[in-house]
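One structure is given below, encoded as structure tokens.
The values are calculated or read from the model by the stated rules, or taken from the named source; none is laboratory data. Since the structure is predicted, the reported quantities are computational estimates derived from the model, not experimental observations. Because the Cβ atoms are built from the backbone with ideal geometry, glycine has one as well, and the counts that use them run over all protein chains shown. In case anyone asks, the SASA skips ligands and DNA or RNA and just uses the protein heavy atoms, side chains included. Shrake-Rupley method; radii C 1.70, N 1.55, O 1.52, S 1.80 Å.
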Amino acid sequence: MRILLIEDDTVLGAAVRDQIAAGGHSVDWVMRLDVARDAMAGAAFDLVLLDLMLPDGLGLGFLKALRGRGDVTPVIILTALDQVSDRIGGLNAGADDYLVKPFDLAELSARIGSVARRYGGNPNPIITHGALEIDRAARSVRRGGKPVSLTAREWALFDAFLARPRQLLSRAQLEEKLYAFDAEVESNAIEVHVSRLRKKLGNGVIDTERGLGYRLGAP
């Protein structure tokens, strides 16, 4: 996924960014709401991690404006505000989850996966696709009953197809899912990752529409 992190605490922000990136997702980290608005105007994000107390305003107002214009991008609030009234306010404003600081980074990863599965239309983390058994929560794949080792980037790419099983995804769309704004991307990076996935999971796991993009192959 491509995730927008809005957090002004540099220590926490770096830790969250590194945790998400280690999971194979691309992360754009901003510290102000005005920069966050510009980022969302220029790119499509799969998830927003939102602090509520930012230098140039309140995250709750940002969230309300987001929902007010019909933007349904999933939002997880990350905040030190721990009163029940704060949680109710955040959820009523349109947040999909609410995590109180300090939090465990592994729990954050689990909540990100849970929200992503709900929006992907399949809250069940276990998926069977042909000879493959996929556990999206555990980020694991078995082929014919045998475990398959995927790198974080390979998993992120494969999960992008799993989340949109009938959708054709262009190379540019896949690069957006895997890489942040400032990342250097080799021109054949997606092709290389797709080739490696086919070797590990089977040639038919990903179909190519020449000149257009890729989609998940038939089971």
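Quick test of your reading of the structure: Ile127 fulfils all but one of (1) in a strand (DSSP E or B); (2) in contact with a Lys or Arg (Cβ under 7 Å, 6 or more places away or on another chain); (3) crowded, with 18+ Cβ neighbours inside 10 Å; (4) not polar (S, T, N, Q). Name the failing condition by number.
Going through (1) in a strand (DSSP E or B); (2) in contact with a Lys or Arg (Cβ under 7 Å, 6 or more places away or on another chain); (3) crowded, with 18+ Cβ neighbours inside 10 Å; (4) not polar (S, T, N, Q) one by one, Ile127 breaks only (3).
Looking at Ala156, Ala152, which one is surrounded by fewer than 16 Cβ atoms within 10 Å (Cβ to Cβ) and within 18 Å of the chain's Cα centre (by Cα)? Can you show your working first?
Numbers: Ala156 fails: surrounded by fewer than 16 Cβ atoms within 10 Å (Cβ to Cβ).
So the residue among Ala156, Ala152 that is surrounded by fewer than 16 Cβ atoms within 10 Å (Cβ to Cβ) and within 18 Å of the chain's Cα centre (by Cα) is Ala152.
Please count how many residues of the range 47-57 are over 25 Å from Leu178 (Cα atoms), assigned to a loop (DSSP other than H, G, I, E, B) and of a type outside the set (A, V, I, L, M). Full working, then the answer.
Taking the range 47-57 and keeping what is over 25 Å from Leu178 (Cα atoms), we get 52-57.
With assigned to a loop (DSSP other than H, G, I, E, B) added as a condition, the list becomes 52, 55-56.
Imposing the further condition that a residue be of a type outside the set (A, V, I, L, M) reduces the set to 55-56.
Number satisfying all stated conditions: 2.
Considering only residues of the range 134-147 that are at pLDDT 90 or above and crowded, with 18+ Cβ neighbours inside 10 Å, which is farthest from Ala116 (Cα to Cα)?
Taking the candidates together, the pick is Val141.
I'd like the full set of residues that are among the hydrophobic types (A, V, I, L, M, F, W, C) and either touching a His at 6+ places or on another chain (Cβ under 6 Å) or surrounded by 13 or more Cβ atoms within 10 Å (Cβ to Cβ) (or both), limited to the range 81-91.
Those that are among the hydrophobic types (A, V, I, L, M, F, W, C) and either touching a His at 6+ places or on another chain (Cβ under 6 Å) or surrounded by 13 or more Cβ atoms within 10 Å (Cβ to Cβ) (or both): Leu81, Leu91.
Working only within the range 62-94, note down all residues that are farther than 28 Å from Ser140 by Cα and touching a Leu at 6+ places or on another chain (Cβ under 7 Å).
Within the range 62-94, Phe62, Leu63, Thr79, Leu81, Gly89, Gly90, Ala93, Gly94 qualify.
Limited to the range 58-78, what total is found for residues that are loosely packed, with under 14 Cβ neighbours inside 10 Å and part of a strand (DSSP E or B)?
The qualifying residues number 1.
Which of the residues spanning the range 9-38 are open to solvent by 60 Å² or more (accessible area, probe 1.4 Å), over 13 Å from the mean Cα position of the chain (by Cα) and under 21 Å from Pro102 (Cβ atoms)?
Asp9, Thr10, Val11, Asp18, Trp29, Met31
Which condition number in (1) open to solvent by less than 80 Å² (accessible area, probe 1.4 Å); (2) among the aliphatic types (A, V, I, L, M); (3) in contact with a Ser or Thr (Cβ under 8 Å, 6 or more places away or on another chain); (4) without any contact (Cβ under 8 Å) to a residue 60 or more places away in the chain is the one that Leu212 fails?
(1)
Only one of Val100, Val84, Val75, Val115 is at pLDDT below 90 and either within 20 Å of Asp159 (Cα to Cα) or not acidic (Asp, Glu) (or both); which? Full working, then the answer.
Values: Val100 fails: at pLDDT below 90; Val84 fails: at pLDDT below 90; Val75 fails: at pLDDT below 90.
Step by step, each of Val100, Val84, Val75, Val115 is checked, and only Val115 is at pLDDT below 90 and either within 20 Å of Asp159 (Cα to Cα) or not acidic (Asp, Glu) (or both).
Does Phe103 satisfy being part of a loop (DSSP other than H, G, I, E, B), assigned by TED's automatic domain parsing to the domain that holds Val16 and without any contact (Cβ under 8 Å) to a residue 40 or more places away in the chain? Don't jump to the end; show me each part of the working.
On the way: part of a loop (DSSP other than H, G, I, E, B): yes; assigned by TED's automatic domain parsing to the domain that holds Val16: yes; without any contact (Cβ under 8 Å) to a residue 40 or more places away in the chain: yes.
Yes: the conditions hold for Phe103.
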